[in-house]
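Heads up, the thing below is written out as structure tokens.
The values are calculated or read from the model by the stated rules, or taken from the named source; none is laboratory data. Keep in mind the model is a prediction, meaning the values are calculated, not measured. No Cβ is skipped: glycine too gets one built from the backbone with ideal geometry, and neighbour counts run over all protein chains shown. Keep in mind that these areas ignore ligands, DNA and RNA; they rest on the heavy atoms of the full protein, side chains included. Shrake-Rupley method; radii C 1.70, N 1.55, O 1.52, S 1.80 Å.
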Amino acid sequence: MDAAAVIAAHAALGYGGKSVLDGLEFEIPPGSRVGVLGPNGGGKTTLFRALLGEISPLAGSLEVTASISTVAQTDRSRLDYPVSALDVAVMGSLAGMPWWKRPGRAEKRRASEALEKVGLTEQAKSSFGDLSGGQRQRVLIARALTAEAEILLMDEPFTGLDNKSEARLESLIDELARSGQTVMIATHEVEQASRWDLVLCLNRTQISFGRPEEALSKPVLEATYGGHIVEIPGQPDLGVLPAHHHHHD
Amino acid sequence: MIDWLTDPLAFGATTRALIEIAILGTVGAAVGCWVILYRLSYSAESLAHGLFPGLVGAALLGLPILLGGAAGVLLAAALIALVNRFATDDADTATAVVVTTLFGLGVLLALSPESPPGISELLFGDLLGTTDSEIIASAAFAAPVIVLLWLLHSRLLAVGFDQGSGPALGVSPGLMTGLVLSLVAVTVLIGVQALGNLLVAAILVGPAAAARLLTDRFRPMMMLSVVFALLAGLAGIYISFHAKIAAGAAVAGCLVMIYLLAAAASAVAERSFGRTSLNQ
Ligand SMILES: Nc1ncnc2c1ncn2[C@@H]1O[C@H](COP(=O)(O)OP(=O)(O)O)[C@@H](O)[C@H]1O
Ligand SMILES: [Mg+2]
């Protein structure tokens, strides 16, 4: 097995010296799909911010051994901004480019390839703001691909997507992992996460980490979500959240 | 008709004014696009008005306007940054208080018995009084602004689109916002002699805001913005020459007209084609 893409050892994260997430202890091999589960306020975004280097661990260590990029929630992106899908994808090429250099033809080609990979070749010239939520999400993924990031973070990417876009994003995640990308996805969907390679359950502390079969037991989910668990019929050991628990944060 | 167009050019003052407004219009329109996209219109106006005491101080002490303006901008920027640190809940109000105070201070100074005549030029500018050395100074300030905008275009675009992506892309959002504000300060300095303290904000915000209404791509937006600024400059100077009104005010009036026409055009286009992308 290759060296791990992310290694956490006794890591605690927080703001202004106050810990909001501790007990982080995991190793993520490259090319895996990792579901990061937890209630609102559980620390998912905080973990991502630490992985991106925006905040540093209060204790322990959090090591990221590969280039990393994030796909922020599309709710937050600006729809009134005068850019095309291709323009947004090209932005990814700025990663690792010295400040006096401007993206040129090679970067544009890389961005076009990234758009092709997420299935948006036809929308390359469309205004970003005119695209659907699912398409915008994929444009942001293309931007991360243009940045040639080996680790992709997606913070609640399924929020607000319709069923078709959701299925499409899920197969894109599978495809990215097959081509060697490590994808960490913050999500509320326990059932979805159970189809990925690894899960990390957070609720202000690390509740569990491992393959979904092992790490998604009912006690774990109860500790993660504080008892609001219903069983998936026929799978008594695998709980899911009641539907009303899904909301934007 | 030909005479109407050529008569003004017989005067060196009009020609110099045209050159000055061309430089200022190009820089203002280009920087203005970033002011609009970074939603910094309010900060830009605050900077422009906040430097007033610096201008008046320079006039009182007999120092170059540019020097007074630079000191005024630094003072205004420092004060705005300071109050914003402490009043994070209501930054706009805090900024407004600072700017009003500074502007009032400038007016008090201007009303003092020692103030030299012609201080109203600081408020409304003296476009037709532009000297050769002022043109050279404007060009010298304008050139690096344009070069920086060209060089950092992609980074400005990326951060304006998504502040959060900055760190992953190796671009500091704070640095980019600071850069836009610094370029605003330089543009205000270039423009304050010609358009005055009250009107200089118009050239920063007017053309870009009008252009934004008519296109949803950055490149055409910037080109339209520059065209609008040059048009307003040209028309304003001719109108001022023939109608014998203040040049700066005529230019500002033309900027407002262009904005209103653009707003009307975008409203009509939206009604007939349902083009939501024309929205701000
Ligand atoms: N910038 C911040 N400063 C202080 N506390 C924060 C900040 N951001 C998040 N928190 C706190 O950290 C905890 C975890 O939040 P977050 O990581 O956003 O959770 P999640 O993404 O799982 O919903 C919450 O209690 C939240 O209030
Ligand atoms: Mg979150």
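Considering only residues that are open to solvent by 10 Å² or more (accessible area, probe 1.4 Å) and assigned to a strand (DSSP E or B), look in the stretch A:27-42 and name the one that is nearest to ligand 1 (Cβ to nearest atom).
For the stretch A:27-42, the residue satisfying everything is A:ARG33.
Which ones in the stretch A:25-50 are among the hydrophobic types (A, V, I, L, M, F, W, C) and away from ligand 2 (no atom under 16 Å from the Cβ)?
Across the stretch A:25-50, the qualifying residues are A:PHE26, A:ILE28.
Out of (1) of a type in the set (Val, Ile, Thr); (2) open to solvent by less than 30 Å² (accessible area, probe 1.4 Å); (3) within 11 Å of chain B (Cβ to nearest Cβ), the odd one out for A:THR45 is which?
A:THR45 satisfies every listed condition except (2).
Under the condition of being open to solvent by 40 Å² or more (accessible area, probe 1.4 Å) and in a strand (DSSP E or B), which residue from the stretch A:165-215 is nearest to A:HIS10 (Cα to Cα)?
The selected residue is A:THR205.
Within the stretch B:137-162, restricting attention to residues that are in a helix (DSSP H, G or I), open to solvent by less than 40 Å² (accessible area, probe 1.4 Å) and not hydrophobic (A, V, I, L, M, F, W, C), which residue is farthest from the other protein chains (Cβ to nearest Cβ)?
My answer is B:SER138.
Exactly one condition in (1) under 18 Å from B:ILE19 (Cα atoms); (2) away from every other protein chain (no Cβ under 14 Å); (3) under 18 Å from the mean Cα position of the chain (by Cα) is false for B:SER225; which is it?
Going through (1) under 18 Å from B:ILE19 (Cα atoms); (2) away from every other protein chain (no Cβ under 14 Å); (3) under 18 Å from the mean Cα position of the chain (by Cα) one by one, B:SER225 breaks only (2).
Return the residues of the stretch B:205-229 that are assigned to a helix (DSSP H, G or I) and either polar (S, T, N, Q) or over 25 Å from A:VAL83 (Cβ atoms) (or both); say none if nothing qualifies.
Listed by number, the list holds a single entry, B:SER225.
Being within 14 Å of chain A (Cβ to nearest Cβ), free of Cβ contacts under 8 Å to residues at least 12 places away in the same chain and over 22 Å from B:GLU20 (Cβ atoms) is true for just one of B:PRO167, B:PRO173. Which residue is that?
B:PRO167
Taking the options B:LEU55, B:LEU67, B:LEU102, B:LEU40, name whichever one is modelled with pLDDT of 85 or more and more than 25 Å from B:LEU255 (Cβ to Cβ).
Checking each option against the conditions leaves just B:LEU67.
Among the residues that make up the stretch A:112-134, is at least one of them within 16 Å of ligand 2 (Cβ to nearest atom), assigned to a helix (DSSP H, G or I), away from chain B (no Cβ under 12 Å) and within 23 Å of A:ILE28 (Cβ to Cβ)?
Scanning the stretch A:112-134, I find no residue that is within 16 Å of ligand 2 (Cβ to nearest atom), assigned to a helix (DSSP H, G or I), away from chain B (no Cβ under 12 Å) and within 23 Å of A:ILE28 (Cβ to Cβ), so the answer is no.
Suppose we keep only residues that are crowded, with 18+ Cβ neighbours inside 10 Å and among the hydroxyl-bearing types (Ser, Thr, Tyr) within the stretch A:61-101. Which one would you say is farthest from the other protein chains (Cβ to nearest Cβ)?
A:THR74
Would you be able to say whether some residue in the stretch A:51-59 is within 16 Å of ligand 2 (Cβ to nearest atom), within 14 Å of chain B (Cβ to nearest Cβ), open to solvent by 50 Å² or more (accessible area, probe 1.4 Å) and in contact with a Pro (Cβ under 9 Å, 6 or more places away or on another chain)?
The answer is yes; a qualifying residue exists.
Among the residues of the stretch B:228-256, write down those that are of a type in the set (A, V, I, L, M) and in contact (Cβ under 8 Å) with a residue 40 or more places away in the chain.
Within the stretch B:228-256, B:ALA229, B:LEU230, B:ALA232, B:LEU234, B:ILE237, B:ALA246, B:ALA247, B:ALA249, B:VAL251, B:ALA252, B:LEU255, B:VAL256 qualify.
Of everything in the stretch A:72-91, what is in contact (Cβ under 8 Å) with a residue 60 or more places away in the chain, more than 13 Å from ligand 2 (Cβ to nearest atom) and outside any loop (DSSP other than H, G, I, E, B)? Give them in sequence order.
A:THR74
Any chance you could count how many residues in the stretch A:43-53 are near ligand 1 (Cβ under 9 Å from one of its atoms) and on the phi > 0 side of the Ramachandran plot?
Total satisfying the criteria: 1.
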